[in-house]
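First the structure, in the form of structure tokens, and then the observations on it.
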Amino acid sequence: MREPDAAPAFAFDVAPFDVLRPDERAQVRRDAVAVTLPAATVLYAGEERPRHCYLLTRGHVEEVQAGEVVAVHGADALIGALAVLTDRTSSTWTACGEVAAFAIPRALLQALIAGNASFGARLLGALSHGLAASAQHNQQREMLSLMMVRIADAYLRKPFFVDGAADLVTVCRELAAQGLTNALVRDGERLGMFTTTDLRDALLRESPPAAVAVREVAHFDLIEMRPEAELFDALLTMVRHRVHRVLVRAADGEILGVLTQLDLMSFVSNHSHIIALRIEQSASIAELREAALQMDGLVALLHGGGVRIEVLTALVSELNTRVFARLWGFVAPPELVANSCLVVMGSEGRGEQILKTDQDNALLLRDGFEFPALDAVAQRFNAALADFGYPPCSGGIMLTNPLWRQPLAGFRETLRDWVYGHDPEGVMHLAIFFDAVAVAGDAALLQSARQHLDAILAGGDAFLARFARAADQFAEPGHWWSRLTAARRDEQPIDLKKLGTFPIVHGVRALALQHHVRALATVQRIRSLVDARQIDADLARDLIDALHFLMGLKLKHQLRQRQFGETPGNLVLPSAMATMERDMLRDALAIIKRFRQHLAQHFRFDAL
């Protein structure tokens, strides 16, 4: 690294430096060093502790994670700030060609954050989202919203205490058993903390570790914060005091845990990661409930920040799956888990549920396995989900219904009855089951049921046509446009599910069932059907666009309903939509009409 011959002026018009005061700008001019980095220079690698971040002025830097290029940063990009603040990086950053930049020392960055709240907020927005100029406003709003949440909403390391008289070998053995890197030290009236950094310093002593009491090397000048304080205050406190951890203590004196700088930055940069961590590390149903209840708030936050609907659905689906699996592990004994397959179905199975709607779950049991307490387990499972915010299914499609918890042999017979019997609910029951995904237990049981369904459907064209016809059951030909343009006094609500998403989802599901498409998500099914030449590529593209628009519109209005204390639903008044939304809804409904015509021709509805 060398200084360039003629150093350029520091770009104070680049965020977050554009909010610095004159004295802070003078500090930057004094301490930031203009450098030139030769091609292939590695700026950061592995677990090293970075000492500088860089504001690029010329050239590009490539960021690699797990062997894959995840970003290429150019002029005006601030790189390495998160690595500097957290003392680590898991990425490798390499100069692509010669790069000119300003090297900003850690002490300077910390001083700017500590002294200027606006700089800190804008910097954290850039850290978390890698802001592009065109998307900067929405994503900074999301970051600032995250930083306004309370410490209690972030991930707190549970307190782990050791006695101050314990020797270092004993303490380290206990830390290793718990998988921890620090412990709180109780020494009479004092409370301190012992970390692996303290161990490093202790090893430099002449006394062997077994002869050193932990009180001799622990730090007792702990920084404490209240759980109701904001995350941004916690970060500023860490920076000001140059610490990586703060103790969180309630007003009544109870120690709630330890907030680390790395966990705080992880929360800021990926709120969903912390919820997932809470789910995985929950030690009780009560703790799992706390994590599950955070999910709708995350959805509202990310949707308000402009996150695409398909990203939201994938994220929520992953978190829901973890919740269901973890809860099943709490309520079901190991022998039941091993001899069954817990599945979720419907929109949850397809990975298209965003806000919590009704439960759709089932249990397939291994043939010959009996569990007398199964009903009690099922009741506890569904009741807990209801307490987590997942409303019970009004149609009883849950474990508490014996129809949806059967041995595999019995379930095969049920599938046959849905196809060839006279149960009026058979078509929709089969539709719900077709979207099933295993979340816990032996997934081979679900696979066997699917194979049986393929076998009994062979040659079942009449049933498939009847199955597909359900996509047309809510059609309102000739009426939907008049409803969109009706005067406000005469307007009627539009059901975004019945008229919108359902015809797409079910029509695609029928084609997927006919052509043995194994994908579950509607968009993936559409793409598989295009590959199989069962849907025209142009129609497929329009269907995907229409589905995403309708899902986003439905979510927007459900979030608004929830904000006003109403139960989220699918009905929306045309007057509640912006003009552009009504125009887009008109186009989406026209696409759906075209798709219905395709289904009618493909399955020959006129012959039914």
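The values are calculated or read from the model by the stated rules, or taken from the named source; none is laboratory data. Bear in mind that the values here come from a model prediction, so they are computed numbers and not experimental data. So basically every Cβ, Gly included, is an ideal-geometry build from the backbone, and we count neighbours across all protein chains shown. To get the accessible areas, we keep the full protein, side chains included, count just its heavy atoms, and leave off ligands, DNA and RNA. Shrake-Rupley method; radii C 1.70, N 1.55, O 1.52, S 1.80 Å.
The figures follow:
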read-out: Residue that is surrounded by the most Cβ atoms within 10 Å (Cβ to Cβ), among those in the stretch 527-558 that are under 27 Å from the mean Cα position of the chain (by Cα) and of a type in the set (S, T, N, Q); value: GLN558
read-out: Qualifying residue in the stretch 341-360 (condition: in a helix (DSSP H, G or I) and not small (Gly, Ala, Ser)); value: yes
read-out: Answer from ASP201, ASP221, ASP233 - the residue that is more than 37 Å from the chain's Cα centre (by Cα) and acidic (Asp, Glu); value: ASP201
read-out: Options GLN561, GLN597, GLN524: the member that is among the polar types (S, T, N, Q), surrounded by fewer than 21 Cβ atoms within 10 Å (Cβ to Cβ) and touching a Ser or Thr at 6+ places or on another chain (Cβ under 8 Å); value: GLN561
read-out: Any hit, the stretch 450-459, residues being open to solvent by less than 20 Å² (accessible area, probe 1.4 Å) and modelled with pLDDT of 95 or more; value: no
read-out: Selected residue (only one of GLU318, GLU348, GLU290, GLU280 is closer than 30 Å to THR414 by Cα and more than 12 Å from the chain's Cα centre (by Cα)); value: GLU348
read-out: Residues of the stretch 564-584 satisfying the condition of being of a type in the set (Asp, Glu), loosely packed, with under 14 Cβ neighbours inside 10 Å and part of a helix (DSSP H, G or I); value: ASP583
read-out: Residue check for VAL323: open to solvent by less than 30 Å² (accessible area, probe 1.4 Å), under 18 Å from SER347 (Cβ atoms) and either under 14 Å from the mean Cα position of the chain (by Cα) or of a type in the set (Gly, Ala, Ser) (or both); value: yes
read-out: Among the residues listed as ALA532, ALA519, the single one being small (Gly, Ala, Ser) and in contact with a His (Cβ under 8 Å, 6 or more places away or on another chain); value: ALA532
read-out: Breaking point among (1) surrounded by 15 or more Cβ atoms within 10 Å (Cβ to Cβ); (2) within 15 Å of GLY97 (Cβ to Cβ); (3) at pLDDT 85 or above, for GLU62; value: (3)
read-out: The stretch 435-448: number of residues that are surrounded by 20 or more Cβ atoms within 10 Å (Cβ to Cβ) and either among the aromatic types (Phe, Trp, Tyr) or over 12 Å from MET345 (Cβ atoms) (or both); value: 3
read-out: Residue list for the stretch 404-429, restricted to those being of a type in the set (A, V, I, L, M, F, W, C), closer than 27 Å to LEU355 by Cα and at pLDDT below 95; value: VAL427, MET428
read-out: Any hit, the stretch 282-298, residues being farther than 15 Å from GLU352 by Cβ, surrounded by fewer than 19 Cβ atoms within 10 Å (Cβ to Cβ), among the acidic types (Asp, Glu) and free of Cβ contacts under 8 Å to residues at least 12 places away in the same chain; value: yes
